[in-house]
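Reading through the structure tokens given below for one structure.
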Amino acid sequence: MKPRHKRFVFIAVALAGVGLAVGLVLYALRGNVNLYFTPTQVFDNKVPKDRSFRIGGLVKDGSVKREGDGLTTNFVITDMYKEIPVVYKGILPDLFQEGKGVVAEGKMGTGGVMVAQEVLAKHDENYMPPEAADALKKAKAMEAADALTKAGAANAAEKVAMPTNTPVPVAK
């Protein structure tokens with residue numbers, strides 16, 4: 001075999017080996033990747049079925065309820081647009097509070113309730129994961145758009161109900 005052919009075979013075998021190694025690593029990591037979702041995405045059923053995922057948002061004020069066993073806690077995670085109830089059995093982090101950021105990892109249970117295996121509370125007052133910050137901004141924008149739509153519909157209904165020859169009262 002000529003040196004040129006030997007070099008070609010060596011490069012082909014090396015590329016095949018690297019491709020095989022990358023394929024095996026990706027296959028091994030496939031089951032260990034936890035995806036992050038917002039309450040709106042979970043509400044819209046955009047989460048994987050029968051797989052663990054993470055949901056992040058704020059703990060809704062007044063939603064934390066502790067069971068009699070002292071370990072089971074029910075609470076609601078919100079992105080200020082949609083809400084997802086969560087049940088967690090275990091010791092919550094010290095920084096877990098109503099109105100504060102939280103990330104829960106688990107699977108969806110029956111009735112749209114997430115069963116969490118782990119709950120993480122944010123550790124710094126000023127820090128928020130970029131995904132959570134974006135989700136909160138989008139939720140606020142959607143809420144504002146809904147309010148404008150409702151206000152526009154109410155104004156249109158008033159215009160239809162008011163005859164055109166009726167004088168409009170003017171505030172002084």
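Each reported figure results from applying straightforward, stated rules to the coordinates on display, with no laboratory input. On a predicted model such as this, the values are computed, not experimentally measured, just so you know. A quick note on method: Cβ atoms are made from the backbone with ideal geometry, for glycine too, and the neighbour counts reach across all protein chains shown.
Points worth noting:
- Relative packing of peptides 95-102, 43-50 - highest average C-beta neighbours within 10 Å first: 95-102, 43-50
- Taking the centroid of alpha carbons for each part, segment 1-60 and segment 74-125 are 27 Å apart.
- For Lys140, the lysines whose Cα falls under 23 Å of its own Cα, not counting residues fewer than eight places away in the same chain, are Lys46, Lys60, Lys82, Lys100, Lys122, Lys150.
- For the pair Leu148 and Ala121, the difference between a 0.36 nm per residue extended length and the Cα-Cα distance amounts to 6.3 nm.
- Computed on the Cα atoms alone, the convex hull of segment 34-146 gives a volume of 106 cubic angstrom per residue.
- Among 133-139, 17-23, sorting by the average number of other beta carbon atoms lying within 10 angstrom of each residue, highest first, gives 133-139, 17-23.
- Taking 0.36 nm per residue of sequence separation and removing the Cα-Cα distance, the Ala21/Ser63 pair yields an extension gain of 10.3 nm.
- Label-to-label distance for Leu92 and Ala12 is 6.3 nm, based on points extended 7 Å past Cα in the beta-carbon direction.
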